[in-house]
1. On the basis of being modelled with pLDDT under 90, over 30 Å from the mean Cα position of the chain (by Cα) and surrounded by 10 or more Cβ atoms within 10 Å (Cβ to Cβ), does ASP121 make the cut?
2. So which of VAL54, VAL68 is assigned to a loop (DSSP other than H, G, I, E, B) and of a type in the set (A, V, I, L, M, F, W, C)?
3. What are the residues in the range 78-89 that are exposed (fewer than 10 other Cβ atoms within 10 Å of the Cβ) and not small (Gly, Ala, Ser), if any?
Amino acid sequence: MSKLPAGEKSQRLDKWLWFARVAKSRTLAATAVTDGKIKVNRVKAEKASHLIKVGDVITSRLTRRIRVLKVAELGERRGPAAEAQRLYEDLTPPPVPSEQGPESAAWAERTPGAGRPTKRDRRQIDEFKRSG
């Protein structure tokens, strides 16, 4: 836990994560911190009681993607999503589109010969077998 100068406002990390709607509950926020999924200013936070202040940068690996959030305000309650978004500035870089990733291909498209045959492929195979 870090010591702050007198008069500077701070808040527990798990509370802020919950207020900012990064975690669904304080328990999940505290677990994420102790599991090493949260960094504060590029340093892994050891305890849920770690004190954060305005200007700190929090890196979260709670979901599949990494989020980088700069603390803009300290929360007072867990309010609606619009209120929660005022607590941080999202510094997360946009995802890099990959040429081979699932985002580049249209839904249900695949390269020929990859995986199981589609219904259309199966019908063509059946027609080929009957004609031969």
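1. Yes: the conditions hold for ASP121.
2. Working: VAL68 fails: assigned to a loop (DSSP other than H, G, I, E, B).
Step by step, each of VAL54, VAL68 is checked, and only VAL54 is assigned to a loop (DSSP other than H, G, I, E, B) and of a type in the set (A, V, I, L, M, F, W, C).
3. PRO80
The rows are residues; the columns are (1) of a type in the set (Val, Ile, Thr); (2) surrounded by 13 or more Cβ atoms within 10 Å (Cβ to Cβ).
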{"site": "ARG12", "(1), (2)": "no, yes"}
{"site": "ALA23", "(1), (2)": "no, yes"}
{"site": "ALA32", "(1), (2)": "no, yes"}
{"site": "LYS39", "(1), (2)": "no, yes"}
{"site": "ALA48", "(1), (2)": "no, yes"}
{"site": "THR59", "(1), (2)": "yes, yes"}
{"site": "THR63", "(1), (2)": "yes, no"}
{"site": "LYS70", "(1), (2)": "no, yes"}
{"site": "GLU76", "(1), (2)": "no, no"}
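The values are calculated or read from the model by the stated rules, or taken from the named source; none is laboratory data. What you are looking at is a predicted structure, and each value in this text was computed from that prediction instead of being measured. Cβ: placed from backbone, ideal geometry, glycine included. Neighbour counts: every protein chain shown.
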